[in-house]
């Protein structure tokens, strides 16, 4: 255990139930790590085990400012000096996060670092995943058991011993099997692949709104022009023709004996009645 810096640091943190006070003196020291791979995961090793490194936004910004021409892929095989770093525990799904065990992940948070670009370093051995080490997995299981015990004691403080003549439910806590908890870290991290310069946001909505407004204004302008042409042309002539016709047309059909002016001969109601009487006499 003493030969692996990562195994000692991570184990001390878990044995201290996640309290970083037990490793405060070690966190003040610089870590010299080897970059196993930089893509798709940024993995660093101490020549024995490898773990993922999580970078803060300030760390990535400082790296981009000092090394603007260095791509992330070029860091693979190089040595990085972590001048400021911290450790925190997170609850994760171990079926999805392969650098974790039993739903727990210890994260190496990098706040400041400097890569050594002078040359590549070959390791004496092939590093392995720390979360596949049996001793480290046992430390996590022991921590989980201690935390579950505390949760069970909190849910059933009496915890009386089971009597041979008693019920089966005696001394059994109703606490769930996974009711173990710890203080989870909240430090935000960003990808090393983040671009150095943020791309300006394209105002798609503003363009769409302007285009619609332009179409509406063009449509309105076209409508005004067409109405204006139409009103000054055919409509005015049509109105005149209607007026001329209206002068010779009676407003109501005449029912009297007189014939309406400016119309063809009509048979009035009185004439029609006289015709019926003459027909009846015949």
To the nearest 0.05, how large is the calculated FRET efficiency for residue 186 and residue 141 if R₀ is 25 Å and r is the Cβ-Cβ distance? 0.50
Give me the distance in nm between label points sitting 7 Å out from Cα along the Cα-to-Cβ direction at residue 65 and residue 154, one decimal. 4.2 nm
Between residue 273 and residue 97, 0.36 nm times their residue separation minus their Cα-Cα distance comes to what? 52.7 nm
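Which FRET efficiency, nearest 0.05, do residue 3 and residue 29 yield, Cβ-Cβ r, R0 25 Å? Numbers along the way, then the final one.
Numbers: r = 16 Å, r/R0 = 0.66.
The computed FRET efficiency comes out at 0.90.
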19 Å reach of a label modelled at residue 193, 7 Å along Cα-to-Cβ, counting backbone N of region 84-116: 96-99
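Taken together, the values in this text are just the output of simple stated rules run on the coordinates, not laboratory data. Please read these numbers as outputs of a predicted model, since none were measured by experiment. Note that each Cβ is placed from the backbone with ideal geometry, even for glycine, and that neighbours are counted across all protein chains shown.
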